[in-house]
Amino acid sequence: MIFWIVQAADEKPAADNDKIKIMKKNDEFEFECTDLSDQGFGIGHHDGLTVFVSDLLPQEKVIVRIIKMQKTYAIGKVVQRLVTSKDRVEPVCAQAGKCGGCALLHVNYERQLAYKEKQLKDLFAKVDPDIEVLPPLGMDYPYYYRNKAQFPIGIQDGRVVGGFYKARTNDIVPVEHCMIQSKKINEIYKWVLDHLSLNQAESLRHLFIRHSDATGKVQVVFIGRQNKGLEGLTQKLVAAFPEVSSVVFNENKRNDNVILSDQYTVLYGSDSLDEKCLDLDIKLHFKSFFQVNPKQMEVLYAQALELADLHKTDEVIELYSGTGTIGLLAARKAGHVTGVEIVPEAVENAKENQERNGIENADFICMDATKFAHQNTKPADVVMVDPPRKGMTTRGIEDIAALAPKRVVYISCNPRTLARDLGEFKKVGYRALKIQPVDMFPNTTGMECAALIVKDETLNAHIAGI
């Protein structure tokens with residue numbers, strides 16, 4: 001997890017340099033938390049300086065120890081808890097707070113949603129106080145929801161281990177069972193750890209497992225520098241779990257943090273997995289993007305399509321279209337859809353999925369989304385975008401505006417880059433009307449949002465009730 005600090009809505013600036021110098025590393029003092037950051041850190045102030053503390057909730061009082069000093073803020077840890085929040089619960093995972101994953105497992109779920117709603121409203125109010133931020137749509141049961149896991153694999157004390165990276169490090173925190181991965185993923189993950197030899201594990205970097213709750217099928221991808229007898233392990237795996245329909249070895253000799261490379265060998269079945277979304281049958285290549293929470297994905301896409309307000313005469317352009325899921329859903333309501341995606345395997349998936357579902361009014365193009373938006377001269381009634389976490393470029397936003405769509409629906413997994421981009425849309429004559437958050441990642445700090453962006457004249461007509 002990337003560690004970054006953000007300013008809370010009620011955060012106070014440091015009073016002056018003299019007060020900043022009062023506090024130093026290893027100081028301990030009584031401390032009250034007044035807010036929660038969007039990365040799950042408790043926020044408070046001491047001697048005029050903002051202090052961020054993990055595992056701390058608003059209204060809690062603690063003895064805190066300063067572990068890191070910066071010019072404008074400090075980072076502390078709880079030494080003793082004096083007053084406990086009524087929102088605190090006992091984490092259901094033994095590795096909570098260690099693996100860098102679920103930063104909110106110690107908060108009851110209703111309050112998680114409330115904290116996220118407040119943070120989103122504070123964030124988007126800075127862009128435009130008139131944006132309607134709706135309450136987040138949460139889950140009935142916020143566990144075992146993920147359909148994909150990427151476990152780093154290593155050797156510790158002479159045994160094979162897997163798990164997740166400790167926050168801000170490359171150190172593996174061993175995890176035997178993850179409360180947000182599907183139960184089937186947990187089951188297969190444990191089996192693989194038990195059956196991997198030390199020799200095999202030495203050459204692996206990650207174990208990738210994808211599970212479709214809708215079809216029951218499972219895909220396993222071994223990612224590493226060398227295949228050391230994985231064919232035999234694959235035979236045993238498939239015999240133990242007949243639901244495994246795809247096993248792949250992905251050769252990755254890179255020296256960076258990129259998990260998947262372009263080189264791979266199919267060890268069993270194919271390189272794809274059968275999936276479903278709403279009423280679509282989806283073929284999903286292991287390199288293709290697909291939302292990790294299938295239940296909430298259907299909620300998100302239904303909300304996005306409602307915001308798009310599609311008609312049979314509408315020309316729709318979808319940028320960052322992935323395997324074509326939302327574009328194909330849109331094609332059921334629109335006149336025509338053009339999907340744009342830079343990953344070749346995803347584009348091929350989209351075309352196959354189009355044929356699978358008998359949809360004729362869609363086309364999918366393999367191209368960088370910003371480049372397409374710049375080159376395309378075909379007008380669009382609706383543009384739908386679902387960019388990666390880094391969001392869009394200024395040029396891409398300008399090029400979308402040049403298409404003069406009536407509506408833009410922006411799906412985002414990063415509220416901060418969404419807020420930044422909404423500011424850029426304002427510069428080209430477009431404003432956000434409403435934002436529907438969907439809690440795609442319960443027990444973590446993540447939140448997915450679908451935003452409706454319209455031209456200024458459309459906004460005026462909307463307000464006038466025309």
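Residue by residue, here is whether (1) touching an Asp or Glu at 6+ places or on another chain (Cβ under 7 Å); (2) under 23 Å from L120 (Cβ atoms); (3) modelled with pLDDT of 95 or more holds:
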position	(1), (2), (3)
Q375	no, no, no
R389	no, yes, no
I411	yes, yes, yes
P415	no, yes, yes
F441	no, yes, yes
E448	no, yes, yes
E457	no, no, no
H462	no, yes, no
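Beta carbons closer than 8 Å, at least 6 apart along the sequence or on distinct chains, never pair a first residue in the range 250-267 that is small (G, A, S) with a second that is exposed (fewer than 10 other Cβ atoms within 10 Å of the Cβ). Give the residues of the range 256-273 that are among the small types (G, A, S) and closer than 18 Å to L284 by Cβ, sorted by residue number. Those that are among the small types (G, A, S) and closer than 18 Å to L284 by Cβ: G269, S270, S272.
Which one is farthest from Q181 (Cα to Cα) among residues in the range 207-263 that are among the aromatic types (F, W, Y) and in contact with a helix residue (DSSP H, G or I) (Cβ under 7 Å, 6 or more places away or on another chain)? For the range 207-263, the residue satisfying everything is F249. Remark: pairs (first residue in the range 131-148, more than 11 Å from Q296 (Cβ to Cβ); second residue among the aromatic types (F, W, Y); Cβ separation under 6 Å; 6+ apart in sequence or on different chains) = I131/F124; V133/F124. Any residue at all in the range 382-401 that is surrounded by 14 or more Cβ atoms within 10 Å (Cβ to Cβ), touching a residue at least 12 places away in the same chain (Cβ under 8 Å) and among the basic types (K, R)? Taking every residue of the range 382-401 in turn, none turns out to be surrounded by 14 or more Cβ atoms within 10 Å (Cβ to Cβ), touching a residue at least 12 places away in the same chain (Cβ under 8 Å) and among the basic types (K, R). Scanning the range 68-98 for residues that are small (G, A, S), modelled with pLDDT of 95 or more and either in a strand (DSSP E or B) or surrounded by fewer than 17 Cβ atoms within 10 Å (Cβ to Cβ) (or both) yields A74, G76. On the stretch given as the range 274-315, residues that are surrounded by 18 or more Cβ atoms within 10 Å (Cβ to Cβ), assigned to a loop (DSSP other than H, G, I, E, B) and among the basic types (K, R) total 1. Among the numbered conditions (1) without any contact (Cβ under 8 Å) to a residue 24 or more places away in the chain; (2) over 22 Å from V438 (Cα atoms), the only one that K121 does not meet is (2). The combined condition, being touching a strand residue (DSSP E or B) at 6+ places or on another chain (Cβ under 6 Å), in the same structural domain as A362 (by TED's automatic domain parsing), within 29 Å of I453 (Cβ to Cβ) and of a type outside the set (A, V, I, L, M), is fulfilled by D314.
Would you mind finding the one in A103, A125 that is assigned by TED's automatic domain parsing to the domain that holds L452 and among the small types (G, A, S)?
Working: A103 fails: assigned by TED's automatic domain parsing to the domain that holds L452.
Every option except A125 fails the conditions.
One residue is enough: does the range 241-263 have a residue meeting the conditions within 22 Å of the chain's Cα centre (by Cα), among the small types (G, A, S) and not in a loop (DSSP other than H, G, I, E, B)? No, the range 241-263 has no match at all. Of the strands (runs of 3 or more DSSP E) entirely within the range 109-219, those holding at least 1 residues that are crowded, with 20+ Cβ neighbours inside 10 Å and β-branched (V, I, T) occupy 148-156, 159-165, 204-211.
The values are calculated or read from the model by the stated rules, or taken from the named source; none is laboratory data. Computed from a predicted structure; not experimentally measured. Here Cβ is always computed from backbone atoms with ideal geometry, including for glycine, and neighbour counts include all displayed protein chains.
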